[in-house]
Amino acid sequence: MTDIMVEVSGLTRRFDVSSPWLNRLLQREPRRILTAVDDVSFSIARGSTYALVGESGSGKSTIAKLVLGLLKPTAGQVLVDGSDLSATATAASDALRRRVQMIFQDPYASLNPRWRVGDIISEPIEVFGLEPDAGARARRVAELLDQVGLAASDATKFPHQFSGGQRQRIGIARALASRPEFIVCDEPTSALDVSVQAQVLNLMRDLQSELGLTYLFISHDLSVVRYMADQVGVLYLGRLVETATRDALFEAPCHPYTRMLLDAAPRIDGFGREHQTDGGEIPDPINPPSGCHYHPRCALATERCRVEVPAVSNLEGRQVVCHEATQILSGSVDL
Amino acid sequence: MSSVQPTLKPSISSRLRGVWESDIAWSFRHSPVAMIAAFVFLALILAALFAPWIAPYTPFDPASLNLMDGFTPPMGEGMGSGSVYWLGTDDQGRDVFSTILYGMRLSLFIGLSAVAFAAVLGVTLGLIAGYVGGWVDALIMRVADIQLTFPSIMVALLIFGIARGLIPAEYRDQMAVWVLILSIGLSEWVQFARTVRGSAMVESKKDYVQAARLIGRKPRQILFRHLLPNVMGPVSVIATIYLALAIITEATLSFLGVGAPPTRPSLGTLISIGQDYLFSGEWWILLFPSMTLLALALSVNLLGDWLRDALNPKLQ
Amino acid sequence: MSIPNASSASATGVQPVSRPSSSHDEPLLAVEDLVVEIPTRRGLLRPVDGVSFELNAGEILGVVGESGAGKSITGAAIIGLLERPARIASGSVRLAGKRIDNLTGDDLRRVRGGEIGTVFQDPSTSLNPLQRIGDQLAETARQHLDISRAESRDRALLALQEVGIPAAAERLDAYPHEFSGGMRQRVVIALALIGEPVLVIADEPTTALDVSVQAQVLTLLKRLCLERGTGVMMITHDMGVIAETTDRVAVMYAGRVAEIGPTPSVLVNAAHPYTRGLMASTPNPASDVAEGLVQIPGAMPGLLSIPAGCAFHPRCDRAVPDCKQKRPPRETINDSDVWCWVASQPQQARHD
């Protein structure tokens, strides 16, 4: 039995994106419900990295907010180390909040431009009352800056005095300030240049092994996911379509969508490569296709796929949500 | 960790250098209009502030007035006392220069207080509307919309009238200044609220607010510690432009006879008094207070225009 | 940590890319020593500083670099879209032998959209939201080709069909917002190609799109330009896109070209330390990087603080004293032109 840090079960979140009721009444519009996350379950082992990968509309950022308790789920629950973060404010959930942190995508929007770096990093320390003494707090800020590769003197500067990569380091220092155990990373390097991305990814890997952190790593970039993840979940229109270990997923993807996604990702050694694209695009998430959401784009789709939502099949240590999964894995169908 | 004691507070000299090198300061140094406007405004502020020391006479001390000096033209000698009045005297023998200094003092006080009141009210309501959203936002903004359909001078008149009605007659003159501040302030909060609401809506979607929510910061702390500093840029522009407007609104109300009482005249009251004598040849009683009002309002307005352009990244 | 060397990384199959080369001696596009300057109160900025390259007809030239490398400004300078106060300070841009860097007014408009088509990252910069797609296409066609109104309508339909818009005849009357992101970018490509340009400048054409759609759009752009023999200047930050779509690549750093040459040889067998670092720091979805990504220390310098000598020297682990003082000259190594003082010297033991 592995040591589970985060347990997500049956997580569902719907948004009401209807027009105001007067407009609905006048234009005879029905209510419009967007199911951003649809019955998603996964668990993250302590000290490991679970990556959620998906394109736009896949619901990956909504899952991040749900896991952090910034949004309430419509159904299902998130347990962090056995307790529910979305429970109403109690002493237990306050204590839990300290142990959960986040690294954001946009290093320009995630730091308050009017605050000094030192104040930004010491805010969580102050809020959780970790260092009551101001001098100790300043020393802790210096230690954190050092940990992410910045200088202690940077504490007096403002965010605009730093480059994107350095800002992301400041964001990481803030995330580490409350000594968390679990960090949600929402596209942490997608706003960065590649050479800087490598610095930040390596830093995050080093910190993980140094501090025993657990990551939920959210990304649209398969190359970054391959570099960071232990376990990968592939999302399509709010549903998990395939979950597998990193190696299993990249070496032998099973779900037709995963296969298409892997083929479409540009490769730095794919000179003159031709893509086998399906020509389709992500459908409107408010009116998603019936049955398996991927069926209109899928080469293997049958009548059953159009009607019936596939169940999860457990195959050789991976979970695949596809009617044809067994056949695909056995190699009896060709994509 | 290292033995270096890190400090979160930078030195004063580095802060000063930072201000001097900032974009705002650079834009100021390169705008002659802004510099002249600032010079005029500063001179008028100082004159108003030090009125008791600068003014050659105390115009509101009945004991020092000599009715015989009434209607002395500029640079003329009073018929009663023989004193020289630079800008002449009014019907009661009050030195126009001194009344202008004291009047400006009152005008500025009312204007600044009214804008401060409007800003505090508008910024607070705007922040709440923008951050909380939903029906709170709808309620605040509908009230604002309704108020916007009335001219602000009418709103001020209305509030002024209601307030006067509620105050017993013997306190009216005493309370007049505060009633003016209240009515002008209430007529001007809308623009602050609308602007701040817009900025607050944009800012509250940014990740630094999420980060603060994540560690359990209460809405009040997020509003005032995180959002407030980030919406102050446009507020400072509106405040400057509205200061000019508040001074003019006050002058208008006083001119209409519903503002500052004649016993404690503001620039508007002085203009109102002077108007009576324009066609009988005593032009100075009207001209000099009017010129002062013009210089005051214009310099503040030009400063506001400059500030708006300087803070607008698109125009740089 | 080591940078993958040529022999092992090329195992994935480098095919020689052969394209019909220009029938004239003159290259389709010749940029010579281009300098773009922006006067600001903090000093004179040079976002493009002495850039030279050539592009032949039917060729796809990639221009790759990180943000601040000056790649987009180079593209804007070529089509005369520099925003004031930026200006071309020196150098020349020739299209089929004819100078186009000093054109103004109607001459410039004839070149832009006629001889040179553009595809930008954000379709809204190319499409008018208030005009029907068909009208926009027809109007552009009429502007640049000598054809009748009715004929321009047919051209518009043909253009939409070519870029793979389903039910193209009906979509002619649609507005841009009625298309999905990928379809909108297809329309932009149709718009770029309808004036029958000899050159297309594509600035991050697929950066805003999802990967699956990106692959479709790139495939389309590549196929259409190949069919017509249109030259393409593909500006992107994505090394994967460069590898899969371009014939030659120019790697830019701090407003200068660091290295230019055939794509496979530049990417696999880079001569410039920056290109090597860039490749080694890019993760690949198709292979595992177990030992960790190589990272280049520091970040791209700001335009106000571009180092003297070779702009890359503060971040370069092979920098020698010359690098700090003198701009490196162009040097031809293998098939590539490289601007580096040490590229031709044998590499010292770097296994530290």
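How would segment A:186-237 be classified by its alpha-carbon gyration tensor: rounded, prolate or oblate, with rounded meaning a/c under 1.5 and the a/b versus b/c comparison settling the rest? Oblate is the answer for segment A:186-237, as a/c is 1.5 or above yet b/c matches or exceeds a/b. Amide hydrogen proximity for C:LEU45: with H placed 1.01 Å from N in the peptide plane, the residues at 5 or more positions away or on another chain lying under 5 Å are C:ILE38, C:THR40. Here the calculated FRET efficiency for A:ALA299 and B:SER13, from their Cβ-Cβ distance with R0 = 60 Å, stands at 0.30, rounded to the nearest 0.05. Evaluated at q = 0.12, 0.15, 0.17, 0.20 Å⁻¹, the base-10 log of the normalised Debye intensity for segment C:83-170, with identical point scatterers placed on the Cα atoms, takes the values -0.50, -0.73, -0.89, -1.09. The distance between label points at C:GLN161 and B:MET35 comes to 6.8 nm (points 7 Å beyond Cα on the Cα→Cβ vector). A dipole drawn for the protein assembly as shown from +1 and -1 charges on Cβ atoms has a positive end, and of B:TRP20, A:GLY59, A:GLY76 the residue lying farthest that way is B:TRP20.
Here segment A:109-179 is treated with +1 on each Lys and Arg Cβ and -1 on each Asp and Glu Cβ, and its dipole about the Cα centre works out to around 200 debye. Of the residues C:MET234, B:ALA297, C:TRP341, the one whose Cα sits farthest towards the positive end of the charge dipole of the protein assembly as shown is B:ALA297 (charges of +1 on Lys and Arg Cβ, -1 on Asp and Glu Cβ, taken about the Cα centre). Model label points for B:MET201 and B:THR58, set 7 angstrom from Cα along the Cα-to-Cβ axis, are 5.6 nm apart. Per residue, the Cα convex hull of segment A:109-179 amounts to 75 Å³. For segment A:68-76, the Karplus equation 6.51 cos²θ - 1.76 cosθ + 1.60, evaluated at θ = phi - 60°, returns couplings of 7, x, 7, 10, 8, x, 6, 8, x Hz by residue, with Gly and Pro reported as x.
Amide H contacts under 5 Å for C:GLU59: C:GLY231, C:VAL232, restricted to partners 5 or more places along the chain or on a different chain, H placed in the peptide plane at 1.01 Å from N.
In the structure shown, the pairs A:LYS60/B:LYS205; C:LYS222/C:LYS326; C:LYS71/C:LYS326; A:LYS72/B:LYS218 are assessed against 28 Å; a Cα-Cα span above that value is assigned to C:LYS222/C:LYS326. Rounded to 0.05, the FRET efficiency of the B:ALA169 and B:VAL143 pair, given R0 = 35 Å and the Cβ-Cβ distance, is 0.65. The alpha carbon gyration tensor of the protein assembly as shown gives principal lengths a ≥ b ≥ c with a/c of 1.5 or higher and a/b greater than b/c, which makes the shape prolate. For A:SER48, the residues whose modelled amide H falls within less than 5 Å of its own, excluding neighbours fewer than 5 places apart on the same chain, are A:TYR215. Equivalent ellipsoid of segment A:172-330: semi-axes from √(5λ) of the C-alpha gyration tensor, largest first, are 31, 18, 15 Å. Nearest 0.05, what FRET efficiency do C:LEU226 and C:ASP135 give at R0 = 41 Å with Cβ-Cβ as r? About 0.90, to the nearest 0.05. Label separation (A:LEU130 vs B:TRP26): 3.8 nm, computed from points 7 Å beyond Cα along the C-beta direction. Our estimate of slack between A:LEU79 and A:ASP94, defined as 0.36 nm per intervening residue step minus the Cα-Cα distance, is 4.0 nm.
Here chain B is described by how far its Cα atoms reach on the three principal axes: 81, 50, 38 Å, from widest to narrowest.
A short reminder: the numbers here are calculations on the coordinates, not readings from a lab. Predicted model, so just to flag it, every value in this text is computed and none were measured. Please note: Cβ atoms are built from the backbone with ideal geometry, for glycine as well, and neighbour counts cover all protein chains shown.
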